[in-house]
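Structure, as structure tokens:
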Amino acid sequence: MDHLTTQQRHKNMAAIRSKDTKPEMIVRRGLWSRGFRYRLNHRGLPGHPDLVLRKYRTCIFVNGCFWHGHKLSIAQNEELVMSNEKCCCKIPKSNREFWVEKIRRNKERDREEQRQLAKMGWHCITVWECELKPAKREETLESLAFTLNHIFLQDRRNKIDDGRSEIEESTQMPVAAEEK
């Protein structure tokens, strides 16, 4: 059971920030040191992504494992179920119904925001808090940089291919109409 009163627990949970968190700062420093430039919490995009890299048409969400239900899945009966993989996310025993519902809503909202961003032509990357622990941090940041470079090259390749097909269409000789 919880050793804090309801008011104390509310005060503690309300004090948790949503911007400039330690995991977000780790990702920001890692990307900046690798030469990536970004904007923070872009208000014009669904979900206000933590980092927006316009050049790469990519949004990065740095999610806390608890708040976004990392490695929790929603069962058919709307209950959250822990997967077999280890993570720091654990549903509190006190006021369990509230937390299950809150995390379920957060997961649904995240999915919908990423769908909207995809429809707008943005790539979405989610970095989880547990992936930024000291043992995995460099591997995660290198993987993120590799993914961003891959997205950039793929988008450029698609633009070049589109440009070639437009040039080929415009250079084709028109077929002369038969005269009567």
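The values are calculated or read from the model by the stated rules, or taken from the named source; none is laboratory data. Owing to the predicted nature of the structure, the values given are computational and were not obtained by experimental measurement. Backbone-built Cβ (ideal geometry, glycine too); neighbour counts: all protein chains shown. What goes into the accessible areas is simple: the full protein's heavy atoms, side chains included, and nothing from ligands, DNA or RNA. Shrake-Rupley method; radii C 1.70, N 1.55, O 1.52, S 1.80 Å.
Net charge near residue 46, counting Lys/Arg +1 and Asp/Glu -1 over other residues with Cβ under 12 Å of its Cβ?
Numbers: positive: 43, 109, 111, 115, 119; negative: 110, 112, 113.
Taking every Cβ under 12 Å from that of residue 46, the sum is +2.
On the accessible surface of the stretch 6-55, probed at 1.4 Å, how many percent belong to carbon and sulfur atoms?
Numbers: 1720 of 3380 Å².
Here it works out to 51 percent.
Check which residues have an amide H placed less than 5 Å from residue 127's amide H, if you skip close sequence neighbours.
61, 62, 63
Using the beta-carbon distance between residue 96 and residue 161 and R0 = 41 Å, what value does 1/(1 + (r/R0)^6) give for FRET efficiency, to the nearest 0.05?
For residue 96 and residue 161, the calculated efficiency is 0.20.
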